[in-house]
Structure formats: C-alpha cells, structure tokens
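Presented below is the structure to which this report refers.
The values are calculated or read from the model by the stated rules, or taken from the named source; none is laboratory data. What you are looking at is a predicted structure, and each value in this text was computed from that prediction instead of being measured. So basically every Cβ, Gly included, is an ideal-geometry build from the backbone, and we count neighbours across all protein chains shown.
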C-alpha cells in the first residue's frame, strides 16, 4: 500500500486527480491549492461549478493553511476537532487566500475535515498539501462505497483508484457551521447536511439546529442540493404505504429497512426484487453502511421504479432519510 500512496501523491503533485478511500465514501481528490487540478475534478464528475468541494487536511495543524478560525468560536472548533477528527465531521469556516475560488465555488468559506482513513491521510502527508475531494462519482449519482463502484462511475476518466476496501461509515460526512451567541449561551451549531456524527453527539458542544434548506442551484456549502445521491431508476417515497399505486405492467423493487412485513411495505405488492438495509435486526448503523450499495444493486436490476421504505428519523436515521429524500427529488 505504501507504493500506492506514493504513486497517488506523485500524480496529485503533477496536477492529476485520483480516487481515494475514506471512512465515509470514496473521494475524487486533487491538490486543493491547484485550481487547474480541481477543474479536472469538476470535469470528471460533470459537477457544476456552483457546488463547492470539501477540503481534507491530514492533521489539525494544517487547518490554518485553508481556514481562518474566528476567535469567538476557536474553542468550540478545537473541542469538536478533538472529539470527531479524524472522522466524518466537516466544519465550514472562512477560507484563506491559498484556497482557490473554484474549490469554494466563489464562496468566502471553505468546508474542512480530516478523514479517519489512513490511506487518505497518508496520501495527504506524502503530498504535503490539503486535498479537495468530493465523492468519486458522476454528479448527482449514488456515492461509491467501494473501488468497484468508483470504476463503474469513472473508469477511463481518472488515472488511478486506490482500493481500500468497503467504506466503514457508508454515508458522507456531517457538515456544520458554528455561531457564537454571546454571553454564557452555548454556541449554535447548524447542521447543513446530516451524516454519521449525529445531532445527539453534537449537542454536547452547543445548541444544535438541523437545517431543512435544500436548493436547486448555488448552495452556500457542500451537500445542500435538493436532488442528489440518485440512481438512474426513479426512486419513490410515500407518506404512508397505501399511497403507492403501481402502474400495470411496470416492474417495481423495494428498498426495505429490515424486511419486516409490519412496516406495511413487504406485502404491499409483488415486488420484482427486495433489498434490505439491515436484514431482520433493524440497526441504523448497518443500514447507513449498506444504503448506497443497496441503492446501486437495485439500480442495476432493470426496474421501472424503486420504492423506498422510510426509517425512523432518530440518530443516523436522520442522515439516511436525508439521502433517500434527495435521491427521490427529481
């Protein structure tokens, strides 16, 4: 793996782009300070230039190169970094002049995190600079959680994919902003995108608000676009099972939480195929890890539509439902 790390870092140093594993999903990386290299990321993904990227640092010391931490939230940033970095938490902060405008889509802020994946961090250390890396898939599609999924999306468009196995978390990072509310009040933590770091975990560090904002263009941080993480096959969600009205002659697949008939979906229709996020057990962590894999499996079944069974919106369920809603927003 050391040879792969060196090869990836050498390609990045030359202004190339490479796909790297993280603990969340596979990322498509470029030298964050090289605007020409970052442009290749947008081109390979067919990503619109108005959608900003996340910058990954290999150590907390590197934060000062990409972001200016306001004094009034510095203690909170340090506490959050101590608790969740390396890990799946992204913090939006004012950017430094070293970060090209293309990375932030012209915004004065930059989204920053430190990955827990050792391969990714070692590539960053070998490169000696931060890495800008969105998910390694074509824009709007299902995020890849394996090297094979990256190849299905981007083969022929990028020179290297490092296979680090399946991603541990399976969902993109939680994205937050922090505001000092003054006095003895706890800081306000706004969750711009739900992810593996949950509201309950963040509440130890401030008052937490989950933003419901979704936009069709010009987001002010990564992860806010209304339609995203979508299979080619239409994905349908309903307020209640009986709202589903199948059209004659069409083939439907079910994305079930745990395969439990009591949820009201298993016996609702004669499904062409059923894929379960957490077979039998109903564990949200397992469901989160399997979500994008299961969506991709159903997308390859030649169905006319996929019906998604909802999960409880507690803990990781908030992030899972966020992805399902965005996948159905077409």
Step by step: first the residues of segment 125-148, then only those that are more than 13 Å from the chain's Cα centre (by Cα) and crowded, with 24+ Cβ neighbours inside 10 Å, then the one that is nearest to residue 329 (Cα to Cα). Which residue is that? 132
Per the filter on segment 225-279, residues under 22 Å from residue 142 (Cα atoms), in contact (Cβ under 8 Å) with a residue 60 or more places away in the chain and part of a loop (DSSP other than H, G, I, E, B) are 226, 227, 228, 229, 231, 232, 233, 234, 237, 238
Please specify each residue of segment 191-224 satisfying the condition of being without any contact (Cβ under 8 Å) to a residue 40 or more places away in the chain and within 13 Å of the chain's Cα centre (by Cα). 224
Candidates 156, 165, filtered to the one that is surrounded by fewer than 18 Cβ atoms within 10 Å (Cβ to Cβ), on the phi > 0 side of the Ramachandran plot and at pLDDT 95 or above: 165
Suppose the filter is more than 20 Å from residue 157 (Cα to Cα) and either surrounded by 23 or more Cβ atoms within 10 Å (Cβ to Cβ) or touching a helix residue (DSSP H, G or I) at 6+ places or on another chain (Cβ under 9 Å) (or both); does residue 18 pass it? no
Can you run down the residue pairs with Cβ atoms below 9 Å, 6 or more apart or on separate chains, where the first is in segment 146-174 and not assigned by TED's automatic domain parsing to the domain that holds residue 17 and part of a loop (DSSP other than H, G, I, E, B) and the partner is at pLDDT below 95 and crowded, with 23+ Cβ neighbours inside 10 Å? none
Checking residue 228 against (1) buried (at least 21 other Cβ atoms within 10 Å of the Cβ); (2) over 20 Å from the mean Cα position of the chain (by Cα), which test does it fail? (2)
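Condition check ((1) farther than 14 Å from residue 133 by Cβ; (2) crowded, with 18+ Cβ neighbours inside 10 Å; (3) more than 21 Å from the chain's Cα centre (by Cα); (4) free of Cβ contacts under 8 Å to residues at least 60 places away in the same chain) across all residues:
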{"position": "47", "(1), (2), (3), (4)": "no, yes, no, no"}
{"position": "75", "(1), (2), (3), (4)": "yes, no, yes, yes"}
{"position": "81", "(1), (2), (3), (4)": "yes, yes, no, yes"}
{"position": "85", "(1), (2), (3), (4)": "yes, yes, no, yes"}
{"position": "110", "(1), (2), (3), (4)": "no, yes, no, yes"}
Residues (modelled with pLDDT under 80 and either in the same structural domain as residue 174 (by TED's automatic domain parsing) or in contact with a helix residue (DSSP H, G or I) (Cβ under 8 Å, 6 or more places away or on another chain) (or both)) located in segment 217-236: 225, 226, 227, 228
If I filter segment 168-178 for residues that are farther than 26 Å from residue 306 by Cβ and more than 19 Å from the chain's Cα centre (by Cα), do I get at least one hit? yes
Name the single residue that is modelled with the lowest pLDDT among those in segment 205-216 being out of contact with any helix residue (DSSP H, G or I) (no Cβ under 9 Å at 6 or more places or on another chain) and assigned to a loop (DSSP other than H, G, I, E, B). 216
Give me a count of the residues in segment 290-325 that are out of contact with any strand residue (DSSP E or B) (no Cβ under 6 Å at 6 or more places or on another chain) and either part of a loop (DSSP other than H, G, I, E, B) or surrounded by fewer than 22 Cβ atoms within 10 Å (Cβ to Cβ) (or both). 17
Within segment 176-187, does at least one residue satisfy the condition of being at pLDDT 95 or above and farther than 20 Å from residue 53 by Cα? yes
